[in-house]
Amino acid sequence: MYWLVLVVSGVLEAVWATALGRSEGFTRLTPTVVFAVGLAASMAGLAYAMRGLPIGTAYAVWVGIGAALTAGWAMWSGEEPVSVVRVLLLAGIVGCVVGLKLTH
């Protein structure tokens with residue numbers, strides 16, 4: 001259960017990070033609300049997952065999922081350029097996250 005909550009929290013990290021960028025300095029209401037709700041839920045899930053997982057593993061997985069999804073979404077939506085190198089580096093992050101799960 002801890003792992004499932006951690007993965008969902010990592011996805012929510014990508015949600016709030018993307019919403020933060022779209023809030024334009026908290027001047028747009030909808031992205032600002034999505035940011036606040038996503039941040040609170042993501043942090044709560046991370047805190048819950050840390051009850052049963054080592055802090056270093058939990059944090060690294062949370063950040064890795066959030067970073068990979070945020071960058072992947074930015075490339076998919078056209079906000080950032082896509083290149084083979086960028087995709088391979090993101091795949092490396094995902095591979096490291098999977099490795100942390102497998103060695104736990």
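Phe26 passes every criterion in (1) more than 26 Å from Lys101 (Cα to Cα); (2) within 14 Å of the chain's Cα centre (by Cα); (3) exposed (fewer than 15 other Cβ atoms within 10 Å of the Cβ) apart from (2). Looking at Gly52, Gly64, can you tell me which residue is part of a helix (DSSP H, G or I) and either under 17 Å from Tyr2 (Cα atoms) or not acidic (Asp, Glu) (or both)? Criteria check complete, one pass: Gly64. For Trp62, the test of being within 15 Å of the chain's Cα centre (by Cα), more than 20 Å from Leu100 (Cα to Cα) and either hydrophobic (A, V, I, L, M, F, W, C) or exposed (fewer than 14 other Cβ atoms within 10 Å of the Cβ) (or both) is failed. You will find that of Val94, Val33, Val98, Val82, the residue that is at pLDDT below 95, exposed (fewer than 14 other Cβ atoms within 10 Å of the Cβ) and out of contact with any Ser or Thr (no Cβ under 8 Å at 6 or more places or on another chain) is Val98 and no other.
For the range 6-23, what are the residues that are over 19 Å from Val94 (Cβ atoms) and buried (at least 17 other Cβ atoms within 10 Å of the Cβ)? Those that are over 19 Å from Val94 (Cβ atoms) and buried (at least 17 other Cβ atoms within 10 Å of the Cβ): Trp16, Ala19, Leu20, Ser23. Number of residues in the range 1-52 that are among the hydroxyl-bearing types (Ser, Thr, Tyr) and either closer than 17 Å to Leu69 by Cβ or touching a residue at least 24 places away in the same chain (Cβ under 8 Å) (or both): the value is 5.
Have a look at Val82, Val97, Val33 and point out the one that is more than 22 Å from Met1 (Cβ to Cβ), in contact with a helix residue (DSSP H, G or I) (Cβ under 9 Å, 6 or more places away or on another chain) and in a helix (DSSP H, G or I).
The conditions single out Val33.
Of the candidates Ala40, Ala74, the single residue that is assigned to a helix (DSSP H, G or I), surrounded by 13 or more Cβ atoms within 10 Å (Cβ to Cβ) and modelled with pLDDT of 95 or more is Ala74.
The values are calculated or read from the model by the stated rules, or taken from the named source; none is laboratory data. Bear in mind that the values here come from a model prediction, so they are computed numbers and not experimental data. Don't worry about glycine lacking a Cβ; one is built from the backbone with ideal geometry, like all the others, and counts go over all protein chains shown.
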